[in-house]
Amino acid sequence: MSRMLPFRPHCGITKSEQWVFDQLAEAPSLDNYVILHSLGLARHKRKSYAECDFVIIGPLGVYCLEVKGGHVSRQDGVWTIGWPGRSYTSMEGPFKQAQSARGALLQEARIRLGKDLIKRVPFGWGVMFPDVQFVERDPEWDQECIFDESNKELPISTYLKRLAEYTLAHESSRGRTYQTPLSRREIDTITNSFRADFDLVPGITSLIRESHSEMLSLSEEQYSSLETILHSGNPRVICEGTAGTGKTVLAAEAARRLAQDGMRVLFLCFNRNLAWQLKHQDFAKYKSITLHTIWGLLYQLVSKNYPDQIQGEGSFNKVLEMAEEAAIDSIETGELIPYDVLIIDEAQDVLAPEVMNALDWFLNEGISSGRWVMFLDTAIQASVYNKLEGRIHSHLSTKAMNLKLSINMRNPVTIAKEAAMITGTPPPKCRRQFIAPVDYRTIHGMKTVSKISTSLITQLISEGANPNDIVLLSFRSPEEAFFKNGYASIGKKVHVLDGKQDRINRDAIPAASIPAFKGLESEIIIVGDLPEGEMTEWQLANLYVALTRARTAVYVICSQGYVNRRIDLLEG
């Protein structure tokens, strides 16, 4: 039997459409077919949104089918369709509707799959009238495209074969030939592409609401890890997990509970933007919690002890060289009182000898015997800053309880799997099963980037998205990024996230380089300025970080070349 997506029709469909659904689902000769029911077509030339009743994807190609139940008539160019009391009128009619749906589907396929694959695949259309015999003749249609009541005695596969033969002959007469039958891989590739629009029928605000409903509580895995972290018998813990597994959430909750127990907690991270956001959360309001970036903490320490030797915040290497000595001096003068607990989030970005030697003095009994918790990802994210030293990680692991977070709590399953597929990393388990595929918007030269991004932002805001819930991420610095000129044409400013203590205007759109947004998340992510050609390990790591920042939706503005390379990955 065929594979139906979804496996059952949505409620409220007509009896005629239900009959067609059942026939397609139960036909024994459609084993290699995939049937999409009620496929949304968001990029229709003449309509803001259109829908195709059924899309047949099989060895003989791709076919859009319109189902029209009840009575059918046309008078003075106006079509009337449906049972008495439930009929409707249309100037377009079912044949033009099917043809335009086929055109929109073909255009979408070119965008998503690239021209090379599409050149091998026939696209056709047909109209089904299950309740009447349709024998009318007109230049607008050919009888081979029509299924009517007289065909119900035959298997529905007979009609599909007739429609395919007609389409192939019609295309051949126009000088177009196709390589049929399609392979199983080609059918799956096309199916995976078209499911995007099918699954994205809910508006962005609906997706955000669903997103929030799935993120209200910790998972059992997180609760278990939190209990282990808080247990006094586990004074040193390394908690490892890939993007979205909730490391920062656990770090904050652990800090809060330890502070409630009367402990002085030093909470550190690498990213200034992450630190700024964390400082505005409730847990950071505890007086016994000190929250800093690693660089901010060490710079403050060294510049206070040796003000004449540090010239500006660019003296990173100099600060690292002098940090341990400054910490010792501060201990001796009593200005540094060691903390009871050290918590480091995104620790893979700070595990360098100079950093750990300095932090040793900030903790009661030091790193070897004191109480600390480190949250890190030793996989692809570690390549973004490339600060992880394996020997230090191995040494710390021997002194700690090692926990593993395996369930992605942040990303919709489709986004998490896309990030894994593109970067060649293992796909994670995902708690969040709602469908929100990565949406690729192709550009034709750099001049179209602004137009595409402006159009996309306008679309999202018109659908109800809050500008603050949209984050623009670039592979380039903000001065060179696709958002550098702002969006004054639609009345929106861009707020570049630079870690400074300023609030974002509620009508502004946040933006950053990808590394600057590491450790953070947002409802909607728009990624741009992808490098051309094959990506380096560092570039793949940044793409992984960008995609996995999204709680609800991701849009990637890219060239057709990138889309084609993605298709190559899909095809193996």
What do you reckon, is residue 340 touching a Lys or Arg at 6+ places or on another chain (Cβ under 6 Å), of a type outside the set (A, V, I, L, M) and in contact (Cβ under 8 Å) with a residue 24 or more places away in the chain?
-> yes
Which residue pairs have Cβ atoms closer than 6 Å, lie 6 or more positions apart in sequence or on different chains, and pair a first residue in region 320-336 that is within 16 Å of residue 296 (Cα to Cα) with a second residue that is modelled with pLDDT of 95 or more and open to solvent by 50 Å² or more (accessible area, probe 1.4 Å)?
-> 327/361
Residue 352 open to solvent by 40 Å² or more (accessible area, probe 1.4 Å) and in the same structural domain as residue 265 (by the TED database) | no
Count - residues of region 447-486 that are assigned to a loop (DSSP other than H, G, I, E, B) and either not hydroxyl-bearing (Ser, Thr, Tyr) or not assigned by the TED database to the domain that holds residue 524 (or both) | 15
Screening 435, 407, 367, 392 for residues that are under 13 Å from the mean Cα position of the chain (by Cα) and of a type in the set (Val, Ile, Thr) leaves only 435
Does residue 357 satisfy the criteria of being closer than 30 Å to residue 473 by Cα and in a helix (DSSP H, G or I)?
-> no
Filtering region 150-187 down to residues that are among the aliphatic types (A, V, I, L, M), assigned to a loop (DSSP other than H, G, I, E, B) and over 37 Å from the mean Cα position of the chain (by Cα) yields 154
What number of residues in region 295-334 are more than 29 Å from residue 248 (Cα to Cα) and charged (D, E, K, R)?
-> 6
Taking only pairs six or more apart or across chains, which ones have beta-carbon atoms under 8 Å, a first residue in region 1-29 that is polar (S, T, N, Q), and a second residue that is open to solvent by 20 Å² or more (accessible area, probe 1.4 Å) and at pLDDT below 85?
-> 2/31; 18/9
Exception for residue 148 within (1) modelled with pLDDT of 90 or more; (2) open to solvent by 20 Å² or more (accessible area, probe 1.4 Å); (3) acidic (Asp, Glu) falls at (2)
When you scan region 501-532, how many residues do you find that are closer than 20 Å to residue 462 by Cα, among the small types (Gly, Ala, Ser) and either at pLDDT below 90 or part of a loop (DSSP other than H, G, I, E, B) (or both)?
-> 1
Qualifying positions in region 124-144 - polar (S, T, N, Q) and either under 19 Å from residue 164 (Cβ atoms) or within 44 Å of the chain's Cα centre (by Cα) (or both) | 143
List the number of the failed condition for residue 444; all other conditions in (1) surrounded by 20 or more Cβ atoms within 10 Å (Cβ to Cβ); (2) at pLDDT below 90; (3) assigned by the TED database to the domain that holds residue 561 hold.
-> (1)
In region 57-70, which residues are part of a strand (DSSP E or B) and among the charged types (D, E, K, R)?
-> 66
In region 533-566, which residues are in contact (Cβ under 8 Å) with a residue 60 or more places away in the chain, within 25 Å of residue 448 (Cβ to Cβ) and in a loop (DSSP other than H, G, I, E, B)?
-> 549
Kindly indicate the residue of region 42-82 that is under 28 Å from the mean Cα position of the chain (by Cα), farther than 25 Å from residue 176 by Cα and among the hydrophobic types (A, V, I, L, M, F, W, C) and also modelled with the lowest pLDDT among those meeting that condition.
-> 42
For region 394-421, enumerate the residues that are without any contact (Cβ under 8 Å) to a residue 60 or more places away in the chain and buried (at least 17 other Cβ atoms within 10 Å of the Cβ).
-> 413, 417, 420
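The values are calculated or read from the model by the stated rules, or taken from the named source; none is laboratory data. Worth saying up front: this structure is predicted, and the values here are computed from it rather than measured. Glycine also receives a Cβ, built like all others from the backbone with ideal geometry; neighbour counts cover every protein chain displayed. Side chains included, ligands, DNA and RNA excluded: accessible areas come from the protein's heavy atoms. Shrake-Rupley method; radii C 1.70, N 1.55, O 1.52, S 1.80 Å.
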